[in-house]
Structures are given as C-alpha cells and as structure tokens.
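Engineer: Next up is a structure, given as structure tokens.
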Amino acid sequence: MTQVLVADDDPDILELVRYKLNQAGYEVTTVGNGKDALEKAKSINPGLIILDVMMPFHSGIDVTIELRSDPQFKSTPIILLTAKSLEQDTERGFSAGATDYITKPFSPRELLSRVQAVIGRSV
C-alpha cells in the first residue's frame, strides 16, 4: 500500500483528498502546514507527496525545493495542488521539482487519476 502525505492549510481539502485516496486503497497522512510537511515526510518517507502552494511556515514550493535537495526524496513524486493557476505559477512549480501540478478547484476523480498515473510512473 502506498503511503501518501498530503499538506494543505484547508481542513476541508485535507478531508476530501484523504477520503478519496483512502477509498482507492492509499494510506494517507495529513498535515496543515509546510513545516509539518517537511518533518512528516522525513519521518514516514511517503511514496507520494501532495502539497498546497500557499501554506503557513513554508510554501509548497519551498517544501518541494527542500525535499528535492535531499537524496532521500530525489525521485519521490510530488504533486502541487493549488489555487495558483497562472502560467508562471505552474512553471515555478515544475522548476522547483514538482512531478505534477493541479489547480483548485479540482475534480476528486481527476486527482485520483493523476495520483495513480504519477505513482505508476515512479514504480
């Protein structure tokens, strides 16, 4: 079972993502900010990380950059899930090392499809 770490400061988004991924058989851990995302990632070594871009303490971009600088997370898939939808935001996310970029509002079905695709590519 793939362990997924989800970080978002919106509790409703966390619950929706957790529910949808749990239904599909993923083990999901949730946190509400970038600082906790870094700490939890290092302690559980998830198979996939989903990050909001705009979070307290560290942005999803900052978390992605920091994780990518750690050899343990060089190839861990990271999906940015964010309301920031301008082209330069997307480019910034991919430049930071994101594997995929999904804008809010999002379809839970599409999120699941993207998660399955990203995990399939990383296996």
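Read-outs throughout are calculated quantities, based only on the coordinates presented, and are distinct from any laboratory measurement. Quantities reported herein were computed from a predicted structural model and do not represent experimental measurements. Positions of Cβ are backbone-derived with ideal geometry, glycine not excepted, and every protein chain shown enters the neighbour counts.
Engineer: Shape of segment 1-62 from its Cα gyration tensor (a ≥ b ≥ c, root eigenvalues): rounded if a/c is under 1.5, otherwise prolate when a/b > b/c, or oblate? Please report the intermediate quantities before stating the final value.
Structural biologist: Values: a/c = 2.41, a/b = 1.33, b/c = 1.81.
Oblate shape, in that a/c is at least 1.5 and b/c is the bigger or equal ratio.
Engineer: Return the long-range amide H neighbours of residue 50 (sequence gap of 5 or more, or a different chain), with a cut-off of under 5 Å between placed amide H atoms.
Structural biologist: Sorted by chain and number, the residues that satisfy this are 5, 6, 7, 79.
Engineer: Whole-Hz ³J(HN,Hα) for each residue in segment 60-69, computed from phi via Karplus 6.51 cos²θ - 1.76 cosθ + 1.60 with θ = phi - 60°, x for glycine and proline: what do you get?
Structural biologist: x, 5, 4, 5, 4, 4, 5, 5, 5, 7
Engineer: Taking segment 3-117, how many lysine pairs are there with alpha carbons less than 18 Å apart, if each pair must be eight or more places apart or span two chains?
Structural biologist: Details: 20/104; 40/74; 42/74; 84/104.
Final tally of qualifying lysine pairs is 4.
Engineer: Assign one of three labels to the chain, namely rounded, prolate or oblate, based on the Cα gyration tensor with a ≥ b ≥ c the square roots of its eigenvalues; rounded applies when a/c is under 1.5, prolate when it is not and a/b is larger than b/c, and oblate otherwise. If you can, show how the numbers build up before the last one.
Structural biologist: Numbers: a/c = 1.21, a/b = 1.07, b/c = 1.13.
Rounded shape, in that the Cα axes give a/c under 1.5.
Engineer: Per the Kirkwood definition applied to all pairs of different Cα atoms, how many angstroms is the hydrodynamic radius of segment 50-95? Spell out each step's value before the answer.
Structural biologist: Working: mean 1/r = 0.0919 Å⁻¹.
So the Kirkwood estimate lands at 10.9 Å.
Engineer: For 62, 70, what's the fewest-to-most ordering of other Cβ within 10 Å of each Cβ?
Structural biologist: Numbers: 62 18, 70 12.
Fewest to most other Cβ atoms nearby, the residues stand as 70, 62.
Engineer: Something else now. Select from 103, 64, 82 the residue whose mean-square fluctuation is largest in a Gaussian network model of the chain (Cα-Cα springs shorter than 10 Å).
Structural biologist: For the chain, modelled as a Gaussian network with Cα springs under 10 Å, the answer is 103.
Engineer: Mean residue ellipticity at 222 nm from the helices of the chain, using -39,500 (n - 2.57) per DSSP H segment of n ≥ 4 over the full residue count, to the nearest 500 deg cm²/dmol? Before the final figure, lay out each step's value.
Structural biologist: Details: 5 runs with 58 residues, N = 123.
Roughly -14500 deg cm²/dmol at 222 nm, from the helical runs in the chain.
Engineer: So what J values fall out for segment 5-21 if you push phi through Karplus, 6.51 cos²θ - 1.76 cosθ + 1.60 with θ = phi - 60°, rounded to Hz, Gly and Pro as x?
Structural biologist: 9, 10, 10, 7, 8, 9, x, 5, 5, 4, 5, 4, 5, 4, 4, 5, 6
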